[in-house]
Amino acid sequence: MTSNSVYEACKSALSISDTSKLSLQEAVDRQEQLLECTVSSNADSINSFFLIFASALVFFMQAGFAMLCAGCVQKKNIQNTMLKNLLDVCGAALGFYTVGYAFAYGGSYGESTGSNKTFIGTSNFFLAGVDDVMFWVFQFAFSASCATIVAGTLAERCQMTAYVMYSIVLTGFVYPVVVHSIWSPQGFLSAHASSPLWGSGFVDFAGSTVVHFTGGFTALIAAYMLGPRRGRFYDDRGKLLITPNPMPGHSSALQVLGVFILWFGWYGFNVGSAVSITGPGQPYVMSLAAVNTTLSPASACLSAIIVNYFLAERKTGEGEFSLKASINGCLSGLVAITGPCAVVEPWAAIIIGLLAGPIYLLSSEALVRFRIDDAVDAIPVHMFNGIFGSIAVAFLASPSRLELVYGHSDHAGLFYSGDGTLLAAQVCGLLFVLAWVAALMTPFFLLLNKLGWFRTDAITEITGLDQSYHGAANLDADDHSLGPKPISPFQRTIAGPNVRVSVLDNSNSDHGSRFNVRTSTLDDSGPPADGA
Amino acid sequence: FPSQTRTGSCHLSKIPKIVNSKPEPIMTPASGVYDACKSTIPVNTTNSDTAVQEQILQCIASSNANSIDTFFLIYASSLVFFMQAGFAMLCAGSVQKKNVQNTMLKNLLDACGAALSFYAVGFAFAFGGSYEEENAGKTTFIGTSYFFLVGMDDVMFWMFQFAFAATSATIVAGTLAERCQMTAYLCYSLVLTGFVYPVVVHSVWSPQGFLSSNRDDPLWGCGFIDFAGSTVVHFTGGLTALVATYLLGPRRGRFYDFRGRLLDTPNPMPGHSAALQMLGAFVLWFGWYGFNTGSAISITGPDQNKIISIAAVNTTLAAASSCFSALAANYIIAERRTGEGEFSLKAAMNGCLSGLVAITGGCAVVEPWAAVIIGLFAGLIYLFSSSALIRLCIDDAVDAVPVHMSNGAFGSIAVGLFGSPTRLELAYGHSNHVGLLYSGDGILLGAQFCGVLFVLGWVTLLMFPFFCILNYFGWFRSDVLNEIAGLDASYHGARHVDVDGVDMELVAQLRSQPKNSRNRFSRSSAEPNLSTTNLDSSDVSM
């Protein structure tokens, strides 16, 4: 078909050839059908193009996450971290293709299902029977984002098998059920349902809770079970360090690149969540989402860096402009605005951003106090600000914006209406996701841990995962001074085969820290680490 | 139902007809355009009424056009925003490792600062009231409504303009790298995007601007033509960078040794990663497709597609030819000087960016062959002005001044030479005065000079005193020890990362000094007491 063929195609589909024999009324009806056909055909094209654009941007966020992680880890672990970032998107594609999409949206848009509430979708496995496959690509990109949040947190100490299994389970089952409950018209929490929960439903426009809280909370569970990196909070003899070792990443340029790519991708994430751009109200929904996606991270970045400056000044007598605080502040603002982006006014986006920065700083500090090690601060950014974003909706959602997006505004934000129903619905949704993710992921990680598939053994970790698992020969692994202790030639000789131990053999290794991950030290029978 | 009529004849004037465009939520979001439009028609009318038919048709057409235009702006804005990543990577690759964190933070903060100040006041100064009916035909110097986006419905246009403002601000980041204090930089970015840049935008792009070619009666019948901002964005940013770096002085060890003697050959101070520089250049080129094509604002309407297509094509050709001309000219110059030519990555990369800057102003109004010529000259202009800056001992860490200022001015002048009658007619709806090469008529060229001179005067008038004040208070330049130790260690608490080649003992000593030894309140040129430090033993390889 050539580019001008919409009209012709519609005409032939309606088999209009000779209009001269028709009565006036019939001719007008035909005209109307023709018009409807061309309009809907064009609208389909525009919407597909829009989804392609948005999906590509969301997919590009994988590059952002990868660069952020690459910058945040030590040089000896880059290959490992990059491979995890690549594998989880591949795993997510297959997991979401086979079962994930079916669990999330199976039958949601069919004629037969109507307004029944279901807990999980049950059709469209392997995309069978799905016509609008572009929607699948968009949703897949979201599920991959959710899975990849965890990669950074577990960096530098997690086995590859465990990570691949986790990413398939998350995108194949855990995440889809959350999506079904909140975004499918049949979900019991959904604001898109014909009779939403308490008249409002759980409002999460682009996924503060669905994507970021789910991913961030999984990261928290995993990081808790996995224990901190060696040398982060404890020294080699298991004694608590007075000040935790910050273990800074090896490249701040890559971190900032990651943040800018993520921010760029977020324009697809938030704006694309409207799914369709045609229809009279839709351009307004999307424009607002884009503007809020700009204002919130900007204010969060500034609030995080300023608060951090004053905290540092009070603590050490000299303020410092921390790059880490500003980039994570920026991401916090993005996460927090994800849920409310289309339902709050620009001034509210700035308020959300201003609060998101301090929330990040506070929760990051709290994690360090609890000695939960997060290599890229994904938990403070995605989990705590995911929660905050969803709660913020309950306070700041504007009635007219809600009406435009969801078609109902019986219960608007607390500041507009003084009505706490939406707040209750938001809390209810958060608690559901909390319980669901905890109920599934805790046993899952416990099992992995029990089998010894979860954490790498001590020698491997100290040598760097690149050398141990990926056969890196000195490239990318040249800087052992960044690690807790350099491994001496003597140690290397003693450790011998264990250094190159394969993933599956690992369960037989005595060096693993499976049963007591949180306080384990190097094997006592091993040689003391050489201080050189 | 809101109808944003975008007549598609002339740049920018077709943007928001904001009047009475309050969205009326009459439909569920997912319902189709056709049904939605039909439901706006009263029920009791019959289908055969042709007036009703026409009303439905109009509703559908404008609704679809509105969707497509919004989508186009979302696309263009996100690409332009992504240029921030390009600038950041370019800077990151061009600085020494000990200053990477500082440079990255500046790049991030100016985007954030630009968002807030452009939201609060910048947009209001630039476009406030520009599209209100009652203001049509007036000439104003500055906009006065839409502060904090109040009353602004087409917020996507704000988003697009914000991305431009952020680009203008971030041009300066690279030039000042490695020696500027963080506070000064933050102040500067707020002032530029909040006031200086918006006034330029108002004058050149708003229908009320006195230079604008979007007016009903533009200056001298043609107005100052700057399609995507060679002057508005790049010349403004580049000139600010020049003013700032002149007042800030060169990096220590660039032109003078430690005793203040002029070096025989300037120390090139090469950046630490060519790969990051190249990544930055490619990201910028990618983003430029949003920058130049997006400046048409609307993609619907007859002939808009032609304007946008030619902009994309010219963007490609100018960058490519400029890259080659800079590389080749640099090769020949090097051969004549040293007897052996060299293919300089720096020349090629900056040549490429120079071509992009130079074509920005004329991208929709010149023919492809002219874009190639503009590119060829842009490369030479870059080389020439870069070496002129070195002669004048003005230090520019990423060569932003030659790239953005010299070629920004050149790009605007080139429109006066190459502006094609048919393209001008398409993009602006008037072609009374076209490029000198087509008509032999110098009026457009005169208008272009006039526009560049206005921006030159305005920016110098504001930014020069501003930086002087910063300098007077000692907030501008970091002190000598911080600079030698690297700003990362001094300001950002960097420990071992990104700071190799720096004597950490010196840093420790620096940090243990009492706080008042930082010359916050004295002139930046004041030397700290060198006898307290072991500068000689740490001999800083400069």
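Bear in mind that the values in this text are calculations on the coordinates, not laboratory data. A quick note: this is a predicted structure, and the numbers were derived from the prediction, not measured. Quick reminder, even Gly has a Cβ in these numbers, built from the backbone with ideal geometry, and neighbours come from all protein chains shown.
What percentages, rounded to whole numbers, describe P(r) for the range A:333-394 computed over all alpha carbon pairs with 5 Å bin width beginning at zero?
Spelled out per bin, shortest first, that is 4, 21, 30, 19, 13, 8, 4, 1.
Relative contact order for chain A: what is it in percent, counting Cα pairs under 8 Å that are at least 6 residues apart?
This gives 19 percent for chain A.
Under a 5 Å amide H to amide H cut-off, with H placed in plane at 1.01 Å, what residues pair with residue A:202 once short-range neighbours are removed?
So residue A:202 has HN proximity to A:190, A:191, A:197.
List every residue whose amide H lies under 5 Å from the amide H of residue A:234, counting only residues 5 or more places away in sequence or on a different chain, with H placed 1.01 Å from N in the peptide plane.
Counting only residues 5 or more places away or on other chains, the set is A:241.
Could you tell me the distance between the Cα centroids of the range B:359-393 and the range A:33-92, to the nearest Å?
Between the Cα centres of the range B:359-393 and the range A:33-92 lies a distance of 36 Å.
Based only on other Cβ atoms within 10 Å, what is the fewest-to-most ordering of A:146, B:187?
B:187, A:146
Given chain A reduced to its alpha-carbon atoms as identical point scatterers, what log10 I(q)/I(0) does the Debye formula return at q = 0.11 Å⁻¹?
Debye curve over Cα of chain A, log10 I(q)/I(0) at q = 0.11 Å⁻¹: -0.95.
What net charge is computed for the residues neighbouring residue A:258, neighbours being all others with C-beta under 14 Å from the C-beta of residue A:258, Lys and Arg scored +1, Asp and Glu -1?
0
Name the long-range amide H neighbours of residue B:256: under 5 Å, sequence gap of 5 or more, or other chain; modelled H, no Pro or chain starts.
B:263
Averaged across B:86-93, how many Cβ atoms of other chains sit within 10 Å of each residue's Cβ atom?
3
State, in angstrom, two size descriptors of the range A:136-216 derived from its alpha carbons: Rg to one decimal place and Dmax to the nearest whole number.
Over the range A:136-216's Cα set, Rg and Dmax evaluate to 14.3, 47 Å.
Return the whole-Å distance between the Cα centroid of the range B:67-92 and the Cα centroid of the range B:223-237.
18 Å
Dividing the alpha-carbon radius of gyration of the range B:308-446 by 2.2 N^0.38 Å (N being the number of residues), what value is obtained?
1.11
Hey, how many Å between the Cα centroid of the range A:276-350 and the Cα centroid of the range B:131-185?
So the separation of the two Cα centres works out to 18 Å.
Shielding by partners for A:33-44, please: the mean number of other protein chain Cβ atoms within 10 Å of each residue's Cβ.
For peptide A:33-44, the averaged partner shielding equals 4.
Check every DSSP H run in chain A and write down those whose alpha carbon atoms cover 24 angstrom or more along the long axis and whose mean Kyte-Doolittle hydropathy is 1.6 or greater.
Qualifying helices, which must be both long enough and hydrophobic enough, are A:421-450.
Using θ = phi - 60° and the Karplus curve 6.51 cos²θ - 1.76 cosθ + 1.60, what whole-Hz ³J(HN,Hα) does each residue of the range B:263-274 get, with Gly and Pro shown as x?
Values per residue, Gly and Pro as x: 6, 5, 10, x, 6, x, 6, x, x, 8, 8, 5 Hz.
For the range B:123-194, what does the convex hull of the Cα positions come to per residue, in cubic angstrom?
Enclosed volume per residue, from the Cα hull, is 102 Å³.
Partner chain Cβ atoms within 10 Å, averaged over the residues of B:152-160 - can you pull that number for me?
5
Evaluate E = 1/(1 + (r/R0)^6) for residue B:369 and residue A:164, where r is the Cβ-Cβ distance and R0 equals 56 Å; express this FRET efficiency to the nearest 0.05.
0.55
Using θ = phi - 60° and the Karplus curve 6.51 cos²θ - 1.76 cosθ + 1.60, what whole-Hz ³J(HN,Hα) does each residue of the range B:163-180 get, with Gly and Pro shown as x?
4, 5, 4, 5, 4, 4, 5, 6, 4, 6, 3, x, 4, 8, 4, 6, 8, 10
Using mean Cβ contacts within 10 Å as the protection proxy, how do B:51-58, B:128-135, A:57-64 order, highest first?
A:57-64, B:128-135, B:51-58
Could you tally the net charge around residue A:381, taking each other residue with its Cβ under 14 Å from the Cβ of residue A:381, Lys/Arg +1 and Asp/Glu -1?
-2
I'd like the per residue volume of the convex hull spanned by the Cα atoms of the range A:387-478, given in cubic angstrom.
Convex hull of Cα atoms, per residue: 182 Å³.
Taking N as the number of residues in the range B:154-228, what value does Rg over Cα atoms divided by 2.2 N^0.38 Å take?
1.34
If r is the Cβ-Cβ distance from residue B:58 to residue B:261 and R0 is 56 Å, what FRET efficiency results, to the nearest 0.05?
For R0 = 56 Å, the calculated efficiency reads 0.15.
Among the Cys residues of chain A, which have no other cysteine Cβ under 4.7 angstrom away?
Singleton cysteines: A:69, A:72, A:90, A:146, A:158, A:341, A:428.
Take each of the peptides A:69-81, B:161-173, A:442-454, average the number of other beta-carbon atoms within 10 Å over its residues, and list them starting from the highest.
Ranking the peptides A:69-81, B:161-173, A:442-454 by packing returns B:161-173, A:69-81, A:442-454.
Starting from the Cα of residue B:286, move 7 Å in the Cα-to-Cβ direction to define the label point; list residues of the range A:238-274 whose amide nitrogen is under 12 Å from there.
Under cut-off, by backbone N: A:258, A:260-262, A:264-265.
So what does log10 I(q)/I(0) come out to for the range A:124-263 at q = 0.21, 0.22 Å⁻¹, using the Debye formula with one equal point on every Cα and no solvent?
Summing over Cα pairs of the range A:124-263 leads to -1.33, -1.39.
May I ask for the net charge around residue A:197, where only other residues with Cβ less than 15 Å from the Cβ of residue A:197 are counted and Lys, Arg are +1 while Asp, Glu are -1?
Around residue A:197, the charge tally is -2.
Given q = 0.17, 0.20, 0.25 Å⁻¹, what are the Debye log10 I(q)/I(0) values for the range B:253-306, with equal point scatterers placed on the Cα positions and solvent ignored?
Per q value, in the given order, log10 I(q)/I(0) is -0.72, -0.80, -0.92.
Among the listed pairs A:75/B:97; A:11/B:306; A:75/A:324, which are separated by more than 20 Å between their Cα atoms?
Among A:75/B:97; A:11/B:306; A:75/A:324, the Cα-Cα distance tops 20 Å for A:11/B:306.
Please report the projected area of the range B:216-324's Cα convex hull averaged over all directions, in nm².
So the Cα hull casts an average projection of 11.3 nm².
How do B:397-403, B:142-148 rank on mean C-beta neighbours within 10 Å, highest first?
B:397-403, B:142-148
Quick one: the Cα spread of the range A:40-124 along its three principal axes, in angstroms, biggest first?
So the three principal-axis extents are 55, 33, 18 Å.
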